[in-house]
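Just so it is clear, none of the values below were taken in a lab; they were calculated from the coordinates. What you see is a predicted model, and the numbers here were worked out from it, not measured in a lab. Cβ: placed from backbone, ideal geometry, glycine included. Neighbour counts: every protein chain shown.
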Amino acid sequence: MAAETNPFPDAAHEIAALRGQLRRHEYLYYVLDQPEISDARFDALMNRLKALEQAHPELVTPDSPTQRVGGEPREGLVRAPHSSRLLSLDNAYSEAELRDFDHRVRQGLGDESADYVAELKLDGLSLALHYHQGLFVRGLTRGNGEIGEDVTANLRTIRSLPLRVTLPDGFPSDIEVRGEVVMPRAAFAQVNAEREKEELALFANPRNAAAGALRVLDPRITASRRLDFIAYYLLAQGEPWLPAQADGLQALKNLGFKTSPHWRLCPDIGAAWAYIQDWENRRAELPYETDGVVIKVNSRAAQHRLGTVSKYPRWAIAYKYAARGGETRLLDIEIQVGRTGALTPVAVLEPVPLGGVLVSRATLHNQDEIARLDIRVGDAVRVERSGDVIPKITAVVLEKRPPDAREFHWPGQCPVCGSHIWREPEEAVWRCANASCPARLRESLRHFARRNAMDIDGLGEALIAQLTASGLVRDFADLYDLQPEPLAALERMGEKSAANLLAQIEASKRRELHRVLFALGIRHVGERVARLLAQAYGDLDALMAAPALELETVPEIGPAIAAAVEQFFQEPLNRALIERLRRAGVNLRGSRQSPAAGKLAGQSFVLTGTLASLTREQAAAAIEARGGKVAAAVSRKTAAVVAGAAPGSKLDKARALGVRILSEAEFLQLLE
Ligand code: IVH
């Protein structure tokens, strides 16, 4: 095939064209959910744009589709005042309360009837986004309604949030868009499944998970959780723009924001009530959690006349659906012992249908929760399940307590191995003290064999139970001593399966260091932390020798992690285990990239222009943390000039001197 000639006169034109195309495809994919091109094609366009921007860092702008990657973690969230108060809404729980609201509205308007807009109420976090001349410049959380937290860098990573919008003629140059950041149920289920595997506390609902993802200091974490921004309110100078709420919704949609398609213009409150009932049972089908319907007076003039009382507008109300709850009986309480030895009580229930699924188990969290609920085996209990959350017992129906209800006695020892149990002073969780408790061993082995750890596919739950029960495996290292004959002699095993498993175990010796580290199941050491530690120390011996204070100097490693790592490697049993892994030939080395040694040591950098993902101070701190220096002026000794958007004369100087120029993306890569 003959080489295609590039139709663009220069890079700037091609970059502009690519950004236009990518924005359109992002919109089709993330906002409308109607992609027109394949993911591969999208990636190819994105890669072309990245390459051009790398070659021409001076052309990188913060609204470029390449800038959604998420920059360096920040020190803390910065607070900033809202243009006008983010009001919250009064609630209604019944048709009568809704009609009272309508009554008050009509009275307030002098018995004029009001049109309402009924919108599904999204269960997320309210946000205020600011656009200057079409460019997304800032996003604030609700905070206390008057002052919010600046989460701009995190918001940039949300694909359905436009980084640039085209303002129609006559629009003000500064607009504000309010709406809700939500986590789709599917993304929530995924996040919690991952957390469960790592024995991290689960998020109670998608809303909390979204809040967690949005308020983290590291935008890369936000980027890794699938969040969505759904707009519902358009303002200019702190006041609603356009004469009615319905116009605002339409205008937001036209601007390219994701808006909920689920709203209706209602001529009276009866129509709004019909809309509420319409969704009562259908809302479970939506990709997001909704906890009600917001009813708003449509006309802006009427809204203005009604005004607000304390923190609520008089022109809107939130009708709240009752949580999906039910009543059933507690048949038993079981104690599960996890990999870290944590004892978790689980309620065994008479199966009850809740929100379309049959629920037969619910978490009771810990001993304190059992005491708080004063729950007894045999009790009638209220169970609630919001969305895809693990069902929860919210109360005991005391009037229905049977006379033979039995108090639950928290075990004085591990229910699996009978060992001593302990808990940390301020902690609610009891743990089995026996590191080789069979339950802990089974769970630890399952973790060890996981795909993202040592990846030993054939080592499933049933086989682990056989291996531990037969005494063939008492710790990780025993896996590497397994012999074909005794293995083949296990029930349902045979020579062929045994040989397969041994081959897989053999292959696992070559896993990268960070996987080995993760597989060990050290407290607080999840996948990401394992990667950071492996990168910082390069091999396990160096890591094992590191005192907690030194570990804390690794970016993102806090005191709790550092202490847990130090403690793990101080333990003689763990050291012996690692020695056996080493002798078996398990890889304990990685490629060293030590920031402690200062990967930028002796190099001097100059910053120019604005970076999209971090401030000048943060960029400087990041360079210094790696041993580099930041200089004010470019000279021949400058290692590189970091060029953000709208760079100054320093860039020209760098060009003239032949000094290396780094785009933001390249700079971030260098810091990695
Ligand atoms: S309107 C004055 N519309 O519900 C206007 N709020 O309980 C106030 N919410 O803080 C907000 N979906 O976070 C509005 N379609 C919607 C909404 C909505 C969810 C949230 C919002 C608000 C809270 C009040």
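Quick notes on this structure:
- Chain lengthening between residue 583 and residue 610 when straightened (0.36 nm per residue, less Cα-Cα): 4.5 nm
- Across the cross-link table entries 253/311; 121/392; 296/400, which are compared at the Cα atoms, the separations over 31 Å belong to 296/400.
- Shape class of the range 280-383 from the alpha-carbon gyration tensor: prolate, with a/c at 1.5 or above and a/b greater than b/c.
- Prolate/oblate/rounded call for the chain, Cα gyration tensor, a/c under 1.5 rounded: oblate
- Excluding same-chain neighbours fewer than eight residues apart, the lysines reachable from residue 650 by a Cα-Cα span under 25 Å are 50, 599, 629, 637.
- Applying 1/(1 + (r/R0)^6) with R0 = 35 Å to the Cβ-Cβ distance of residue 174 and residue 33 gives a FRET efficiency near 0.70.
- Selected from 346, 325, 288, residue furthest toward positive end of dipole (the range 273-377; charges at beta carbon): 288
- Under 5 Å between amide hydrogens, built in the peptide plane, is the criterion, and for residue 244 it picks out 300 among residues at least 5 positions away or on other chains.
- The label-point distance for residue 310 and residue 560, in a model that sets each label 7 Å from Cα toward Cβ, rounds to 3.5 nm.
- Cysteines in the chain that lack a partner Cβ within the 4.7 Å cut-off: 266.
- Note on the chain: with charges restricted to the Cβ of Lys and Arg (+1) and Asp and Glu (-1), its dipole about the Cα centre is near 1240 debye.
- For residue 79, residues with placed amide H under 5 Å, excluding near neighbours: 150
- The ranking of 147, 269 by Cβ neighbour count inside 10 Å, starting from the fewest, reads 147, 269.
- Basic side chains Lys and Arg get +1 at the Cβ, acidic Asp and Glu get -1 at the Cβ, and with that the dipole of the range 8-114 about its Cα centre reaches some 280 debye.
- In terms of surrounding Cβ atoms within a 10 Å radius of their Cβ, 64, 126, 649, 224 rank from fewest to most as 649, 224, 126, 64.
- For the range 448-546, the residue among 482, 468, 526 whose Cα projects farthest onto the positive side of the dipole built from Cβ charges is 526.
- The HN-Hα couplings worked out from phi for the range 33-48 by the Karplus form 6.51 cos²θ - 1.76 cosθ + 1.60 (θ = phi - 60°) are 6, 9, x, 10, 10, 6, 4, 5, 5, 4, 4, 5, 4, 5, 5, 4 Hz, whole numbers, x standing for Gly and Pro.
- The string of couplings for the range 465-479 from the Karplus curve (6.51, -1.76, 1.60, θ = phi - 60°) is 4, 5, 4, 6, 5, 7, x, 5, 10, 10, 7, 4, 5, 4, 4 Hz, one whole number per residue in order, with x for Gly and Pro.
- Spin-label proximity, residue 99 to the range 252-282 - amide N less than 20 Å from point 7 Å beyond Cα toward beta carbon: 266-280
- One decimal place: the segment residue 500-residue 327 gains 57.4 nm when fully extended, by the rule 0.36 nm per residue minus the C-alpha distance.
- Phi-based couplings in Hz for the range 626-641 (Karplus 6.51, -1.76, 1.60; Gly and Pro marked x): 9, x, x, 10, 10, 10, 7, 10, 7, 9, 5, 7, 4, 6, 6, 9
- Sites residue 111 and residue 247, calculated FRET efficiency, Cβ-Cβ separation with R0 30 Å, nearest 0.05: 0.75
- Cβ charges +1 (Lys, Arg) and -1 (Asp, Glu), total dipole of the range 369-434, debye: 160 debye
- Taking a point 7 Å out from the Cα of residue 336 in the direction of its Cβ, the residues of the range 420-450 whose backbone N falls within less than 19 Å of it are 428-433, 437-450.
- As a calculated quantity, the FRET efficiency between residue 528 and residue 455 at R0 = 25 Å, using C-beta atoms, amounts to about 0.90.
- Residues with amide H under 5 Å from that of residue 430, placed H, sequence gap 5 or more: 343, 367
- Shape category assigned to the range 16-56 from the gyration tensor of Cα positions, a/c cut at 1.5: prolate
- Counting beta carbons within 10 Å around each of 317, 221, 557 and listing the fewest first gives the order 221, 557, 317.
- When the charge dipole of the chain is built from unit charges on Cβ atoms (+1 for Lys and Arg, -1 for Asp and Glu) and taken about the Cα centre, the candidate among 432, 366, 587 whose Cα reaches farthest toward its positive end is 587.
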